[in-house]
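To keep things clear, I will list the structure first and then write my remarks on it.
The values are calculated or read from the model by the stated rules, or taken from the named source; none is laboratory data. Because the structure is predicted, anything quoted here is derived from the model rather than measured. A quick note on method: Cβ atoms are made from the backbone with ideal geometry, for glycine too, and the neighbour counts reach across all protein chains shown. These area figures cover heavy atoms from the full protein model, side chains too; ligands, DNA and RNA do not enter into them. Shrake-Rupley method; radii C 1.70, N 1.55, O 1.52, S 1.80 Å.
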Amino acid sequence: MKCFILQPLNYACLVATFAICTSRMETAARCEDRPNIVFILTDDQGYGDLGRHGHPLLKTPHLDRLGEESVRFDNFYVSPSCSPTRAALLTGRHEFCSGVTHTLQPREHLHVDAITLPGILKAAGYNTGFIGKWHLGGGQGYSPRDRGFQWTSTNVGGPREHFDPVMIRNGKREQATGYREDIFFDDAMDFIRQSGDEPFFCYLATYSPHAPLDAPQELIEPFLKSVGREQAAFLAMVANIDANVGRLMAFLEQEKLRDKTIVVFMNDNGQTAGLDIYNAGMRGCKCTIWEGGCRAISFWSWAGKWKPHRVDNLTAHLDLLPTLVDYARADIPGELQSVLEGFSLRPLLESSQPTAWHDDRILFHHVARWPSGLAASHKYAMAAVRQGNYLLLRSHPCDDPKCESYQSQCTTLRLVMNGLKRTTYTKENAQFHWGVSPPNQWSLYDVKADPACRKDLSKKRSALAGRLAAAYDQWWDRTFPLMIEAGGDKGTPLTKRARSKH
C-alpha cells in the first residue's frame, strides 16, 4: 500500500493566482465586447465634396461606399473653422469653454485643464494613437502625448510639406518617402497592428485638402480638363483621401477587424477651394456663419452592429465624445459630466426608424476670429443659433472702431458691404457666400427648405426668432466669462502685417 504525504496548501498563493486569473479573464471579456475606434477627420473638405453628395466632377467610390454602409447624420454641424472644431470634438463642450477661438497662437491652445476623449479612453484601457494634424497647441502640456495619446505621428512641415516629409513618430524624427497622406494612412495601419489584441482608438486627422494645394500629378491631371490648376489640386487631394480610405477599409477587412471596429468619417468645417465648383446648394463657406460654414459629413459605420440609414435629427461634433465613451464602456469624469454639452448618439445609431432625441436641442455658433482683446464688442458679429431645421444668424461686422485697425473677419465683411466680389475661397461670389445680413437684427432661415438662405423668416416667425435670440444672449452671458478665463481673448491683436489665416 502506497502512502501519499499531503503537503500543506499555500492558500495565499492560491488566492493570488485565482485573483490574477479572474482579473485577466475580466479584462479579456471587457476588451472582447468593446469596439475598436477609427476616427478620420479631413481638413477643409466641404460637405459637398463627395460623389454621393452630388459633386459634378469628383468621383469618390470608397467614401460613397462607406456612406452606403454607415449611419449617415445629414443634419450634422461642426464649428466654422479648424481648431475650434477639434477642441469641441475632443472635449464634448463648445470650444469657447476651452479657450479655443482662433487658429492662431495662443487662441488655438486647448486649455491645459481640459478633459479629453483620448484621456478618458486611455484610462479605460484603450491603446490611443494620433496621426496627422493636431492644431490645438504645442509645447509642454499641449501636445497630443499630453492629452492622452500614447502613440503619435505627424510631419514637421505641416500643410506645406506634401512629398517626402520628415515625420516625427513617438518623438523620433524620420525621413519618409512618398505623399504625406499616404504616409499618414500607412502609419495608422502600423499603429493598429501594434495594438495587437488591445482595444484601440485611432484618431487620423489629414492635412488634405487644406492649402497650400498639391497632390500627385496623376490625380491632378483628370481635373485640368474642367478647372484651373488650384482647384484641380484641391479635388485631387480629396480623391487621394478617398483612395486611402479604401485602403484602410480593405486593411480592416484583411485583419478581420471590420466587425470589431467603429469607423467614423467627418470633415472639420465648411467648403474652401472648391466653393465656386460645388457647395451642395448651400450658402457660405469656412469662416462664415451661413449654412455652408458649419454643415459637415458624418458617417458612422460598425459592420454587423448598425444598420445603414440616414438620420435627420440635429447632431453635432459635441456628440463624438459621449457616444464613443458610451460604446467603450468608459466613465466620464464627474467634473466633465456636469458640463458636457454633447449627447450619446446610441439611440440614433441603433434604430433605423425616426426617433425622438433631444428635439429641443439648441446649438450655438460663432466665427470668433476677432482681433485679440476685442471679444466683448464681437458678441453679435458672425454669430448663429440653430434649432431643428432653423438657423438664426447675424452675418455683420462689429461696430467697434478699434476693430477697423486690424485685419479680421470683420474686415472681409466690411469689404463685402462695399461691393467686394472676390475674396477668400471665391473668385466671384463673395456677395453671396460672405453675404452681410441687415445690421442690428437677426435673420431666420429654414435651412432644410432653403439651404441657400435666401428667404428671411424672422418677421414671419417672429416668436421663434425672439426665443432663439434670447437663448443666444443667455448662452453668451454664461459662456463669455469661461472663454475669457480659458484664454480665448489672449494675444497680440492681429495687425495687417500678421493677417488672420482662414
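Observations, loosely collected:
- Using a probe of 1.4 angstrom and keeping all protein chains present, the accessible surface of segment 423-479 works out to 54 square angstrom per residue.
- Ordering 346-356, 209-219 by mean Cβ neighbour count within 10 Å, with the highest value first, yields 209-219, 346-356.
- Legend: Rg and Dmax of the chain, from Cα coordinates, 24.2, 112 Å.
- Taken as Cα centroids, segment 185-212 and segment 423-496 sit 35 Å apart, rounded to the nearest whole angstrom.
- In this structure, the pairs whose alpha-carbon distance is over 30 Å, taken from Lys305/Lys455; Lys260/Lys286; Lys59/Lys172; Lys286/Lys402, are Lys305/Lys455; Lys260/Lys286; Lys59/Lys172.
- Residue separation of Lys307 and Ser462 scaled by 0.36 nm, minus their Cα-Cα distance, works out to 51.8 nm of gained length.
- Acute angle (nearest 10 degrees) that the helix 82-91 long axis makes with the longest principal axis of the chain, alpha-carbon atoms: 40 degrees
- Chain lengthening between Val339 and Ala470 when straightened (0.36 nm per residue, less Cα-Cα): 45.1 nm
- Full-stretch length increase - Lys225, Arg346 - with 0.36 nm per residue and alpha-carbon distance subtracted: 39.1 nm
- Helix 229-254 axis, angle to the chain major axis (alpha carbon atoms, nearest 10°): 20 degrees
- In sequence order, calculated HN-Hα J values of segment 64-79 (Karplus, 6.51, -1.76, 1.60; Hz; x Gly/Pro): 4, 5, 4, x, 4, 8, 10, 7, 9, 8, 9, 10, 10, 10, 10, 8
- Rg and Dmax [Cα atoms of segment 90-183; Å; Rg one decimal, Dmax integer]: 14.1, 40
- Placing +1 on each Lys and Arg Cβ and -1 on each Asp and Glu Cβ, with no other charges, gives the chain a dipole about its Cα centre of roughly 780 debye.
- Look at the dipole of the chain built from charges on Cβ: of Val38, His53, Gln105, the Cα furthest out on the positive end belongs to Gln105.
- Share antiparallel - DSSP beta bridges, the chain, percent rounded to 5: 55 percent
- Within segment 187-226: backbone nitrogen closer than 17 Å to the Arg145 label point (7 Å, Cα to C-beta): 191
- Pairwise centroid distance, computed over Cα atoms, of segment 303-349 with segment 265-301, Å: 22 Å
- Within the accessible area of the chain (1.4 Å probe), percent carbon and sulfur: 52 percent
- Over all other residues within a Cβ to Cβ distance under 10 Å of Ala384, the charged ones net out to +1, with Lys and Arg as +1 and Asp and Glu as -1.
- Accessible surface computed residue by residue for segment 232-301, with neighbouring protein chains in place and a 1.4 Å probe, gives 19 Å² per residue.
- Average silhouette area of segment 116-169, convex hull of alpha-carbon atoms, in square nanometres: 3.9 nm²
- Scoring 303-309, 227-233, 276-282 by mean Cβ neighbours within 10 Å over their residues and listing the highest first yields 276-282, 227-233, 303-309.
- At an R0 of 35 angstrom, the distance between the Cβ atoms of Asp197 and Arg454 translates into a FRET efficiency of 0.05.
- With Cα atoms, 0 to 90° folded angle of helix 11-32 axis to the chain main axis: 40 degrees
- Net charge over other residues, Cβ less than 11 angstrom from the Cβ of Gly435 (K, R count +1; D, E count -1): +2
- Peptides 63-74, 286-297 ordered by average Cβ neighbours within 10 Å, highest first: 286-297, 63-74
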